[in-house]
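Visitor: Sharing a structure below in structure tokens format, with a few things to ask.
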Amino acid sequence: MQNGTTRIGVDLGGTKIEAVALDAAGNELIRRRRATPAADYDGTVRAVVDLVREVEAATPAAAGPATVGVGIPGAVSPATGLVKNANSTWLIGRPFDRDLAAALGRPVRVANDANCFAVSEAADGAGAGAAVVFGVILGTGVGGGVVIDGRPLVGANAIAGEWGHNPLPWPNDAERPGPPCYCGRRGCIETFLSGPAFAADHRAAGGSGGAATIAAWAAAGDATAEASLARYVDRLARALATVINILDPDVIVLGGGMSKVVRLYEAVPRLWGAFVFSDRVDTRLLPPRHGDSSGVRGAAWLWPTSPAATDK
């Protein structure tokens, strides 16, 4: 019997696995992390199990085992029950949720990590109280999650919110056909808006440095950095305008490394109105309240908020 008062969330990343325990009110009780056994599927399952047991042992005694939710960089296919679309490629084609449940001896809920981010920010973060929240990941890749009335939208194909693998909308001649993407196509939003894509665009213009450095140089008046950031803002405005046209969310919350660029929250809404099919845009663009912790917190929140997830 699971106790229903302690929730453990796990964020399974390509380089690290992080786990957190929350009490019934969402207060953090303990947090632990360890390195991901890269390219080792069995080792990854064992690492998650060991981390859950370590966190559980360190939390206050409860009436039974804690609930466990896990965010993964991919999705469980409704067609096969196996992991797909994971940039941690050793998970692809594996029944990760079933293997983990068997190893832990209890049901688990597994969701896309961007969905977990969106759930966290919708539950008690920047999007708290909003009916429709779109959570955006602008990091090594570009992902997204949709939360409606506190519940993540998974979709018939388990790809709801995957805006990063749509083409950049309203491209200009210099943006065609676009950079190649690992998905096999060119010009995906991810190839323009991920952190590495931003840095690559800046290098192509003669600059150097990562996203934070480029933003700092732009703020200091460096012309090349300013031009690179202006291109990024324009592209993000166009890409999010398409999301607004389709989903019309109350709130869009940015996550990932690029979410720390403060200028985005004022500059992007100033531009997206030209592409949104409305007389005005009331959607709010906000930074995450829980920052880098949102993904792992959202995994913990999967239990009370996700009837669409299947208990294994």
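Each reported figure results from applying straightforward, stated rules to the coordinates on display, with no laboratory input. Here the structure is a predicted model, which is why all the values come from computation and not from measurement. In this analysis, Cβ positions are derived from the backbone assuming ideal geometry, glycine residues included, and neighbour counts consider all displayed protein chains.
Visitor: Could you give the length gained on full extension between Ala212 and Ala230, defined as 0.36 nm per residue of separation minus the Cα-Cα distance, in nm?
Guide: 5.0 nm
Visitor: Considering only the chain, what is the antiparallel percent among its DSSP beta bridges, to the nearest 5?
Guide: 60 percent
Visitor: Same structure, new question: Using a simple spin-label model with points 7 Å from Cα along the Cα→Cβ vector, what separation in nm is obtained for Asp149 and Ala204?
Guide: Going from the Asp149 label point to the Ala204 one covers 4.4 nm.
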